Amino acid sequence: MVSPSLLSANFGNLQEDLEMINRSDADWLHIDIMDGVFVPNISFGPPVLQYVAKLCDKPLDVHLMVVNPMNYLDAVKALGARVMNIHYEAETHLHRAIMKIKESGMMAGVTLNPSTPVCMLKDIIADLDLVLLMSVNPGFGGQKFIHHTVEKVRELRELIEKSGSKALIEVDGGVNVETGKLLADAGSDVLVAGNAVFKAESPEGVITALRAL
């Protein structure tokens, strides 16, 4: 599956990029919400998200890079999001948070920063619908891919299979056709791509190529 990252879209002509996503083979649209506290950047707020939700036909894959992520539960649900993804590092009571997301009708995801080991999910992996591995340090687009993520995908795939979990493995950061092939071969299910899609001469072609990996 492919989930292009809205963070890399042209906000001067967002409608055109969203129409491209609708035409493309993309499965989801990845939306990074940043608060300038959990990560050193601010992305976009409710008015932009409501506009995106109205124009985008693809399911929304919402990634919260914020402190107190559960404060946003109702707002994310109101967008009609398919996935609500919160950081392991940002939520003290992770099991309770995951249960609340699932009860709301959304898929519950947990994100791991590059320095957070996969083993931290051992006691909750069976309850998750999705795990997002960051292959760059979160906060900015266009960063260099951290190659150790490929090994983390293998470790996570082994943990999922041992536990009987049905969680999907998603990877975000520095993903292009070359790194995407490494991740797909290692066992990832969903690739998030920003610059590789939106800065390409043929964005739809890149999405199709990523999906074929």
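Rule-based calculations on the coordinates, nothing more; no lab input. Remember, predicted model here, so these are calculated numbers, not experimental data. Using ideal geometry, Cβ is built from the backbone for each residue, glycine included, and neighbour counts are taken over all protein chains shown.
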Next item on the list: Name the residues whose placed amide hydrogens come within less than 5 Å of the amide hydrogen of D129, ignoring near sequence neighbours (fewer than 5 apart) on the same chain.
Entry: A108
Item checked: Proximal lysines to K54, defined as alpha-carbon separation beneath 29 angstrom and excluding residues fewer than eight positions away on the same chain -> K77, K100, K102, K199
Checklist line | Net charge over other residues, Cβ less than 12 angstrom from the Cβ of L130 (K, R count +1; D, E count -1) | finding: -3
Notebook entry, point to check: For the range 2-211, what class follows from the C-alpha gyration tensor (a ≥ b ≥ c being the square roots of its eigenvalues): rounded when a/c is under 1.5, otherwise prolate if a/b is larger than b/c, else oblate?
Noted result: oblate
Next item on the list: Run through the DSSP bridge list for the chain and note the antiparallel percent, rounded to the nearest 5.
Entry: 5 percent
Next item on the list: Set the Förster radius R0 to 25 Å, insert the Cβ-Cβ distance between H147 and T208 as r into 1/(1 + (r/R0)^6), and round the FRET efficiency to 0.05.
Entry: 0.50
Notebook entry, point to check: Per-residue ellipticity at 222 nm for the chain, helices alone: DSSP H runs ≥ 4 residues times -39500 (n - 2.57), over residue total, nearest 500 deg cm²/dmol?
Noted result: -10000 deg cm²/dmol
Next item on the list: Please find the FRET efficiency linking E158 to K102, where r is the Cβ-Cβ separation and R0 is fixed at 35 Å, and quote it to the nearest 0.05.
Entry: 0.90
